[in-house]
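The values are calculated or read from the model by the stated rules, or taken from the named source; none is laboratory data. Predicted model, so just to flag it, every value in this text is computed and none were measured. No Cβ is skipped: glycine too gets one built from the backbone with ideal geometry, and neighbour counts run over all protein chains shown.
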């Protein structure tokens, strides 16, 4: 099993509090609010554990995917499509990266898809890679890490998921109007 230090518990508390406040401000349906609070908690806990142990426990990844299907406020077909998209995309990346991406990340992407559904899983994955890649580049440029060092990806999957859960439709609209010039 695992245990968290005071520092890790402080980070967990601050991250959870910030997300909870944003959910309460942004989400106007009670069933959706509970869905976001419960699954958001799963993601935040998974991110903290991955950050400090480089592992993502199945109880959080697979259990979180199950919650994504079962908690009220979802469209089951959308959740299935989102889960399959997250699973396929991350499985491909894990296979191509030859160990650079772990099975826990793949399962967390499955959870991401069951929570966000289709098509929101796509901007969440894109944002996760943008944030993770940017952070990795900063670590390389500052020589904190080198090319052979590992960086846990769960925190970035979590950030992408939580941001898209709150502002996903706005991000898609911004992308379509700013990048593709679609009305």
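Quick rundown of the values:
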| item | result |
| --- | --- |
| Residue tally, condition free of Cβ contacts under 8 Å to residues at least 60 places away in the same chain, crowded, with 17+ Cβ neighbours inside 10 Å and in a helix (DSSP H, G or I), over region 92-111 | 8 |
| Answer residue from region 30-44, given it is modelled with pLDDT under 90 and over 14 Å from residue 70 (Cβ atoms) and is farthest from the chain's Cα centre (by Cα) among those | 30 |
| Residue count, region 5-43 (criterion: in contact with a helix residue (DSSP H, G or I) (Cβ under 7 Å, 6 or more places away or on another chain) and under 21 Å from residue 150 (Cβ atoms)) | 3 |
| Looking only at region 1-12, and only at residues there that are assigned to a helix (DSSP H, G or I) and within 20 Å of residue 59 (Cα to Cα), the one that is modelled with the lowest pLDDT | 8 |
| Residue among 110, 162 that alone is within 11 Å of the chain's Cα centre (by Cα) and more than 20 Å from residue 15 (Cβ to Cβ) | 110 |
| Residue that is surrounded by the most Cβ atoms within 10 Å (Cβ to Cβ), among those in region 44-67 that are in contact with a helix residue (DSSP H, G or I) (Cβ under 7 Å, 6 or more places away or on another chain) and not in a helix (DSSP H, G or I) | 56 |
| Qualifying residue in region 16-29 (condition: within 20 Å of residue 152 (Cα to Cα) and either within 17 Å of the chain's Cα centre (by Cα) or in a helix (DSSP H, G or I) (or both)) | yes |
| Where a residue in region 15-31 is touching a residue at least 40 places away in the same chain (Cβ under 8 Å) and its partner, wherever it lies, is part of a loop (DSSP other than H, G, I, E, B) and surrounded by fewer than 16 Cβ atoms within 10 Å (Cβ to Cβ), with Cβ under 7 Å and at least six apart | 29/73; 31/72; 31/73 |
